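Chemist: The structure's right below; bear with me while I get my questions together.
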Amino acid sequence: MQFKMTSRLLAAVFMCVTAGCAGNETQPGEGTLAAQEANAESKCVKAFDGITSCATGNATLASSELGLAVTGLKNVKSDGLASTFGRAASWRQTSQIKLGAGGALQLDARSGDQVVSSLSILPGREANSARVAPLFTGTPGGSGYRMNIYRDGVLQGSQSNPANAYVTFTNWRDFFRWLVAVADFYELDIIWTKTGDKPAAPENVGACGWRLNTGKDTFNVTLDDGKVITGDTMEFVEEIGDGHYPYTGFTGIDVKAAGEGILVQSESVVLAK
């Protein structure tokens, strides 16, 4: 597969405060994922400093001067790239992605083998539409979340959604074709918007969040009150509930897809202190 540069941007930002998101933290090397990687050294490479990159499912990896190509992406639940590193406070990956018609994308943040938060993007029922769902595990049974929609850094609308609810975005013309994705995982207290404002309420300590920016492309979304708003950035911030279990640090990010391929151009982590 040949990858071509494009000016269209999709930025996915995963954020977590120092207090952390939910789950029992495990150390790298424990559990089935580490065992799978240890038994499949031919599917793992160290293309980026401090990161072990392993193909999962039916995916295959190929390194070149352009980056790390991930192909064989048939099943969004299993096929992709698992990035494993020491306990980290932040992570970034810049990729070119080609999903094609019917493609799907899922990002998982994990501590050891435990997935603590996910972001799923699936085709919608209408052309140029997608269904997006964040999953937060901070509260037993899943956490609800607040959706914020921005355009050029200005908040256009916001609403609370129940745990695991999908949101349908329309007029999103280029997501399933070529795109450049910049995915970030950070501690929430060092994330700043381009307007200089923090993206989430500081009292929401212990929450996680995902943010996607579509660059020059825009999308529409209909709020519960029937209002249709247009944006270029969607943000999903966990709403903390009773029984929230805090911890710090993450040890991996998985990017899985059903599509034609992913080219990882760069990837980096900042380890937790």
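The values are calculated or read from the model by the stated rules, or taken from the named source; none is laboratory data. Please read these numbers as outputs of a predicted model, since none were measured by experiment. FYI the Cβ positions are ideal-geometry reconstructions off the backbone, even for glycines, and counts take in every protein chain you see. Side chains included, ligands, DNA and RNA excluded: accessible areas come from the protein's heavy atoms. Shrake-Rupley method; radii C 1.70, N 1.55, O 1.52, S 1.80 Å.
Chemist: Taking region 238-250 as the search range and keeping residues that are open to solvent by 10 Å² or more (accessible area, probe 1.4 Å) and either of a type in the set (D, E, K, R) or modelled with pLDDT of 80 or more (or both), which one is nearest to Val132 (Cα to Cα)? I'd like the intermediate steps shown before the answer.
Modeler: Kept after step one, since they are open to solvent by 10 Å² or more (accessible area, probe 1.4 Å), are these residues of region 238-250: 239-249.
Going one step further and asking which of them are either of a type in the set (D, E, K, R) or modelled with pLDDT of 80 or more (or both), we end up with 239, 242.
Working: Glu239: 17, Asp242: 25 Å.
Only one residue tops the list, namely Glu239.
Rundown of residues vs (1) out of contact with any Pro (no Cβ under 9 Å at 6 or more places or on another chain); (2) part of a strand (DSSP E or B); (3) farther than 21 Å from Gln159 by Cβ, yes/no style:
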site: Ala69; (1), (2), (3): yes, yes, yes
site: Lys77; (1), (2), (3): yes, no, yes
site: Thr84; (1), (2), (3): no, yes, yes
site: Arg87; (1), (2), (3): no, yes, yes
site: Val116; (1), (2), (3): yes, yes, yes
site: Leu122; (1), (2), (3): yes, yes, no
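Chemist: Identify all residues within region 58-68 that are surrounded by fewer than 19 Cβ atoms within 10 Å (Cβ to Cβ) and under 20 Å from Ser266 (Cα atoms); write none if there are none.
Modeler: Of everything in region 58-68, those that are surrounded by fewer than 19 Cβ atoms within 10 Å (Cβ to Cβ) and under 20 Å from Ser266 (Cα atoms) turn out to be Thr60, Ala62, Ser63, Ser64, Glu65, Leu66.
Chemist: In addition: Could you go through region 114-126 and let me know if any residue there is farther than 22 Å from Val255 by Cα, modelled with pLDDT under 95 and either open to solvent by 20 Å² or more (accessible area, probe 1.4 Å) or not aliphatic (A, V, I, L, M) (or both).
Modeler: Yes, region 114-126 has at least one match.
Chemist: Would you check if there is a residue in region 176-194 being modelled with pLDDT of 90 or more, open to solvent by less than 30 Å² (accessible area, probe 1.4 Å) and either aromatic (Phe, Trp, Tyr) or farther than 25 Å from Ala89 by Cβ (or both)?
Modeler: Taking region 176-194 and keeping what is modelled with pLDDT of 90 or more, we get none.
Scanning region 176-194 turns up no residue that is modelled with pLDDT of 90 or more, open to solvent by less than 30 Å² (accessible area, probe 1.4 Å) and either aromatic (Phe, Trp, Tyr) or farther than 25 Å from Ala89 by Cβ (or both).
Chemist: Enumerate the pairs (first residue in region 249-273 and farther than 18 Å from Thr60 by Cβ; second residue anywhere and open to solvent by 20 Å² or more (accessible area, probe 1.4 Å) and among the aliphatic types (A, V, I, L, M)) with beta-carbon separation below 6 Å, excluding pairs fewer than 6 apart on the same chain, so at least 6 apart or on different chains.
Modeler: Pairs found: Gly249/Ala272.
Chemist: Would you check which residues across region 127-146 are β-branched (Val, Ile, Thr) and either part of a strand (DSSP E or B) or surrounded by fewer than 18 Cβ atoms within 10 Å (Cβ to Cβ) (or both) and list them?
Modeler: Val132
Chemist: Can you tell me which residue in region 207-235 is modelled with the lowest pLDDT, limited to those that are more than 16 Å from the chain's Cα centre (by Cα) and buried (at least 20 other Cβ atoms within 10 Å of the Cβ)?
Modeler: This residue is Asp232.
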